[in-house]
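Engineer: Here it is, the structure, as structure tokens.
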Amino acid sequence: MQVFTSVIVLGLCFTAFVISHISDYKQRKVRTMTGIAQLIGTNSISALEFDDNEAAKKILGDLQKISPETINAAILDKKGNVFAEYKKAGEGSYLFSLPSQNKNITEFTNNKFLIFSSIVNNNQFLGTVCLRVELNELNTIKASQYKIAFVLLIAGIGLSFLIAFIVQRYISKRLLNLVTVMKQVSESGNYKLEVQDNYKDEINTLIRVFNEMMEQININLQKKDEFIGIASHELKTPLTTVKAYLEILDNIEREEPNKQYVEKTLDNVKRLEQLIYDLLDVSKIQSGQLYLNINEFDIDTLIDETIASFQIVSRDHIIKRMGEKINQVIIADRQRIEQVLVNLLSNAIKYSPHEREVLVSARRKKSELIVTVRDFGIGIAKEEQNKVFERFYRTRNNSILISGFGLGLYICRDIVKRHNGKIWIESENKGTAFSFSLPVQNNKNIKNQGEEIKD
Ligand code: ADP
């Protein structure tokens, strides 16, 4: 835009420059020729008074020397008849027709102009000097002006390109920096990032507004997290009481349909309870208070027990343990690792409603233990595979049909990372395989507390 504007401005300037130069040249020429016409007029007074054509012709003949660009000239008497005539060698005659008013007049046609100058003596009109002059230098002047204008225009464009390039680098660099941070924010969901900029201009205003907006988002997120923490905490106690009474009722009620009503209510209360536990975990992660209770335990036992307890409640699915047992004792928080396994298993069942099999396997790879839960259900699109570990993220293909809150995997990822492990997805043609790894040795630096863990 800058270069484009500069080109237009330069173009206009040079056009004005060329036009003014040409019109200057024309005016100068007219002034000179008017002077010559007046001189001829003064010198021809006696020739006219004494009717001396030859003398008048001689005067006109001097034009050859003093004004070679004059093509035709004539002295007309007071009636407008030709008294004496001149034509440049090689040129034809020219019939001057006097303008209606008998005044000193200049007329331009193409590259030629006509000058009419009255001959007056003692206030008595004696005749008119007519000159037809060629502006033969005009084309040369035009050509040289265009050449100068062209060279300056090119130099101007080059200069404006250079300035634009320097200015653009200074502007673009900062804008690109802003865009990079924006991308990072949208990819990582980390709203604590900010852009540094020390200049004082419009871009700095934009950057400042962006930083202020991020600060505001952070404050709002913090308020939201606080609210979630307080609300789930406050809900937990009454819900535990409700659940306890429902369990008593479930034990003592024998009659239908009351028994069925109690069971249904209990199921829903359990779901509500799970949500509250998830929300409490999220708020613990946010405030860095998700502590681990580290112990030694056998991973095979944990896997088998979890599968067994799932198999009791899940009538439509068969959960199979695949591969050899690995006989591995690991150092970790048993309850939290069980929470990860439970979440992966319940997802595998939930997101494969029309399939029967869910496979669980465990293997050792160097100093790591890898547990995999595979289903053959709806799968996860490639572009969403990293996003499912974000808070409240639910994939597009299931978000309406299958209930959930998008918290489980976020919590799983944090638990695994706190154990110095990794969690990942493989989802190709059919179904999904979630795997998580845990270090089996040197697992002393497990993160018990601290900030929320990010990728
Ligand atoms: P929730 O299941 O409560 O929505 P999660 O955090 O456990 O929350 O899962 C996040 C999202 O990841 C789910 O909403 C679902 O879209 C997707 N997802 C998780 N596990 C599977 C799976 N086994 N198959 C297909 N999609 C899954």
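Engineer: Under a straight-distance cross-link criterion of Cα-Cα below 13 Å, which aspartates and glutamates are reachable from Lys430, leaving out those fewer than 8 residues away in the same chain?
Structural biologist: In chain and number order, the partners are Glu355, Glu357, Asp375.
Engineer: Further, regarding this structure: Which entries of Lys58/Lys87; Lys270/Lys422; Lys29/Lys87 have Cα-Cα distances beyond 23 Å here?
Structural biologist: Lys270/Lys422
Engineer: Also, quick follow-up: Based on C-alpha coordinates, I'd like the Rg and Dmax of segment 226-357, in Å.
Structural biologist: Taking only Cα atoms of segment 226-357, I get Rg and Dmax of 17.8, 48 Å.
Engineer: In addition: With n ≥ 4 as the cut-off for DSSP H runs, can you work out [θ] at 222 nm for the chain, using -39500 (n - 2.57) per run divided by the number of residues, rounded to the nearest 500?
Structural biologist: -18500 deg cm²/dmol
Engineer: Starting from segment 53-115, pick out the trypsin sites (Lys or Arg not before Pro) whose DSSP state is loop and whose Cβ has at most 13 other Cβ atoms within 10 Å.
Structural biologist: Lys79, Lys103
Engineer: Hey, how many Å between the Cα centroid of segment 364-396 and the Cα centroid of segment 186-229?
Structural biologist: 30
Engineer: Moving on to the next point. Can you tell me the order of 332-338, 212-218 when each peptide is scored by its average per-residue count of other Cβ atoms within 10 angstrom, highest first?
Structural biologist: 332-338, 212-218
Engineer: Could I ask something else about it? Under a Cβ-only charge scheme (Lys and Arg +1, Asp and Glu -1), can you give me the dipole magnitude of the chain about the Cα centre, in debye to the nearest 20?
Structural biologist: Computed charge dipole of the chain: roughly 1120 debye.
Engineer: Shifting gears a bit: Efficiency by 1/(1 + (r/R0)^6): what FRET value for Leu176 and Thr237, r their Cβ-Cβ distance, R0 = 45 Å, to the nearest 0.05?
Structural biologist: Using R0 = 45 Å, I get an efficiency of 0.30.
Engineer: Okay, moving on. Segment 135-224: which trypsin sites (Lys or Arg not before Pro) are DSSP loop and have at most 14 other beta-carbon atoms within 10 angstrom?
Structural biologist: Counting only loop positions with at most 14 other Cβ atoms within 10 Å, the trypsin sites (Lys or Arg not before Pro) in segment 135-224 are Lys192, Lys200.
Engineer: Something else about it: What does the charge add up to near Ser283, with Lys and Arg as +1, Asp and Glu as -1, over the other residues with Cβ less than 9 Å from its Cβ?
Structural biologist: Taking every Cβ under 9 Å from that of Ser283, the sum is -2.
Engineer: Could you please rank Thr106, Thr240, placing first whichever residue has the fewest other Cβ atoms within 10 Å of its Cβ?
Structural biologist: Thr240, Thr106
Engineer: To continue, here is another question. Could you list His233, His419, His21 in order of exposure, starting from the residue whose Cβ has the fewest other Cβ atoms within 10 Å?
Structural biologist: The most exposed by this proxy come first: His233, His21, His419.
Engineer: Please work out the Kirkwood hydrodynamic radius for the chain, using every pair of different C-alpha atoms, and report it in angstroms with one decimal place.
Structural biologist: It works out to 31.9 Å.
Engineer: While we're on this one: Thinking of segment 203-285 as a set of Cα atoms, what percent of all their pairs are more than 21 Å apart?
Structural biologist: Tail of P(r) above 21 Å: 52 percent of Cα pairs.
Every number in this text was worked out from the coordinates using simple rules, so none of it is lab data. These numbers come from a predicted model, not from an experiment. Virtual Cβ from ideal backbone geometry, glycine too; neighbours counted across all protein chains shown.
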